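K.L.:
This is the structure I have questions about; it appears just below.
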Amino acid sequence: MTPRSQQEQRKKEHLAIAERLYRQPEFDRDQFAQVRLMHPVLPETNMAAVHLEQLLFHKPINYPIYINAMTGGTAEAMPINEKLAELAAHFKIPMAVGSMSILKSQPELADSFIAARRLNPECVVFANLGADKSPQFAQEMIDLLQADALQIHLNAAQEFAMPEGDQDFHWTDSLNELQKTIGTQTPIIAKEVGFGMSAASQDSLLKLGLENLDLSGISRTNFITIENRRRSQALVSDYSDFGLTLVESLLSRLALQQATSRTSKITFASGGISTPWQAIKAFALGADFVGMSAYFLHLALHHPLTEMIAIFGAWLTEFEQMLPVLGCQTIKDLQHIELILSPELISFTEQIGLD
Ligand code: FNR
């Protein structure tokens with residue numbers, strides 16, 4: 001057996017456990033069933049008028065859907081990142097790599113990260129690091145990938161559950177430093193890893209000058225559950241209700257905007273999305289871009305690239321075709337659709353002060 005560092009072993013296990021969880025729909029709370037959209041009976045538009053191409057971080061992309069952070073640095077990661085990079089290049093969509101923190105101690109493991117750029121030379125690629133990393137290391141990682149932006153993952157709950165996790169969460173000074181040095185050259189995206197962001201959390205990041213947020217809410221990819229399965233002694237409590245869903249995080253963003261006029265410049269929405277209809281609803285709640293991880297992992301693990309292109313191509317076509325049904329031509333139009341929220345979500349909006 002190839003010798004593995006603890007970090008390599010962890011990353012390998014993350015892939016396997018996340019895929020197992022994704023295949024268990026009973027873990028899904030179907031947050032999107034609680035959001036319904038009003039459609040016009042006279043849409044007065046058509047498919048030809050739909051326009052989804054735009055610039056992201058100065059580069060053209062075809063769709064506002066991105067492959068979110070997952071992996072790199074292990075043998076298992078190479079074929080996954082290669083396929084995802086080719087998929088991203090084919091559809092001209094952004095792609096994030098998984099945490100590159102492992103390269104601090106094992107720089108020889110860079111190849112599977114670099115694959116994300118090697119096979120996708122033109123399009124938007126995000127590097128990914130933890131909040132405690134130095135600006136110098138962050139710049140090295142950006143250079144390695146010729147990354148267009150840097151995702152900084154904020155994962156206290158994951159570290160808590162991780163058997164070998166870090167229990168020191170003093171991140172503000174380091175984030176401040178990263179924003180002042182790296183952030184002035186390369187856009188930074190402050191990112192959750194699947195526990196969502198309250199209005200107060202979003203505001204604390206905005207006040208640090210971190211204006212691009214990935215709200216990544218609760219989904220089947222639950223990093224407390226994933227780390228718990230890696231522990232020799234399981235956690236005592238059940239944390240399945242820890243955090244906020246993406247829907248709640250997007251409503252929290254609207255509440256913050258309403259109360260303070262402050263809001264993320266670009267809102268990346270992820271956590272629990274696998275269908276075009278769920279993505280449409282995330283846009284209707286204010287997302288600018290919608291990301292998926294577990295969906296793409298599942299695709300990459302079970303299909304050759306040609307099938308991935310066919311399956312995700314059909315996903316994108318269905319997404320595009322739904323816009324005119326809703327009387328929409330652009331993502332901006334989707335953001336203005338009238339919503340009907342479930343009583344549970346209405347109670348949530350009342351409690352966070354959103355009218
Ligand atoms: C992740 N995610 C993640 N996020 C991050 O910022 N850095 C990372 O290294 C990883 N690693 C990782 C591995 C695997 C196998 C998965 C499935 C996910 C979290 C991911 O980017 C996203 O925030 C959550 O997975 C929620 O989205 P989905 O999976 O519900 O689409």
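K.L.:
Please find, in a Gaussian network model of the chain (springs between Cα atoms separated by less than 10 Å), the residue of F223, F169, F283 whose mean-square fluctuation is greatest.
P.N.:
F169
K.L.:
Continuing with the same structure: List the aspartates and glutamates whose alpha-carbon lies under 14 Å from that of K207, not counting same-chain residues fewer than 8 positions away?
P.N.:
Counting by Cα, and skipping residues close in sequence, K207 has these aspartates and glutamates nearby: D173, E177.
K.L.:
By per-residue mean of other Cβ atoms within 10 Å, what is the highest-first order of 148-160, 310-322?
P.N.:
Order by mean packing, descending: 148-160, 310-322.
K.L.:
Hey, got a sec? Which trypsin sites (Lys or Arg not before Pro) in the range 251-338 land in a DSSP loop and have at most 14 other Cβ atoms within 10 Å?
P.N.:
Numbers: sites: R253, R262, K265, K281, K332; in loops: R262, K265.
Sparse-neighbourhood loop trypsin sites (Lys or Arg not before Pro): R262, K265.
K.L.:
Along the principal axes of its C-alpha atoms, what lengths does the range 1-97 span, in descending order and rounded to whole Å?
P.N.:
63, 37, 19
K.L.:
So, one more: Run lengths n ≥ 4 of DSSP H only: what is the helix-derived mean residue ellipticity at 222 nm for the chain, with -39500 (n - 2.57) per run over all residues, to the nearest 500?
P.N.:
Details: 15 runs with 155 residues, N = 355.
Value at 222 nm, helices only, nearest 500: -13000 deg cm²/dmol.
K.L.:
Rounded to the nearest 0.05, what FRET efficiency is calculated for E140 and I266 with R0 set to 41 Å and r the Cβ-Cβ distance? Can you show the working numbers first?
P.N.:
Working: r = 25 Å, r/R0 = 0.60.
For E140 and I266, the calculated efficiency is 0.95.
K.L.:
Tell me, how many Å apart are the Cα centres for the range 240-276 and for the range 155-177?
P.N.:
Measuring centre to centre over Cα atoms gives 21 Å.
K.L.:
How high is the FRET efficiency between T184 and E108 when r is their beta carbon distance and R₀ equals 30 Å, given to the nearest 0.05? Before the final figure, lay out the partial values.
P.N.:
Details: r = 31 Å, r/R0 = 1.03.
Step by step, r from the Cβ atoms, then E = 0.45.
K.L.:
Which of the peptides 48-57, 76-85 is most tightly packed, and how do the rest follow, going by the mean number of other Cβ atoms within 10 Å of each residue?
P.N.:
On the way: 48-57: 13.5, 76-85: 21.4.
My ranking of the peptides, most packed first, is 76-85, 48-57.
K.L.:
Grab every C-alpha pair in the range 103-153, bin the distances at 10 angstrom width from 0 up to the longest one, and report whole percents.
P.N.:
With 10 Å bins starting at 0, P(r) equals 25, 60, 15.
K.L.:
A follow-up question, please. In terms of the Cα gyration tensor, with a ≥ b ≥ c the square roots of its eigenvalues, is the range 127-261 rounded because a/c is under 1.5, prolate because a/b exceeds b/c, or oblate? It would help to have the intermediate numbers written out before the result.
P.N.:
Values: a/c = 2.07, a/b = 1.21, b/c = 1.71.
In terms of gyration-tensor shape, oblate.
K.L.:
Taking the Cα centre of the chain as origin, work out the dipole magnitude from +1 charges on Lys and Arg Cβ and -1 charges on Asp and Glu Cβ, in debye rounded to 20.
P.N.:
Working: 27 positive and 41 negative charges, 68 e Å.
Here the size comes out at about 320 debye.
K.L.:
Taking the convex hull of the alpha carbon atoms in the chain, what volume per residue do you get, in Å³? Display every interim value, and only then the final one.
P.N.:
Working: hull volume 49.1 nm³, N = 355.
Dividing the Cα hull volume of the chain by its residues yields 138 Å³.
K.L.:
Which entries of K11/K180; K59/K104; K11/K191; K83/K332; K11/K265; K92/K133 have Cα-Cα distances beyond 22 Å here?
P.N.:
Numbers: K11/K180 30 Å; K59/K104 29 Å; K11/K191 18 Å; K83/K332 31 Å; K11/K265 31 Å; K92/K133 30 Å.
Checking Cα-Cα distances, K11/K180; K59/K104; K83/K332; K11/K265; K92/K133 exceed 22 Å.
The numbers here are math on the coordinates, done by the rules we state, and not lab data. What you are looking at is a predicted structure, and each value in this text was computed from that prediction instead of being measured. Cβ sites come from the backbone with ideal geometry, for glycine too, and all protein chains shown count toward neighbours.
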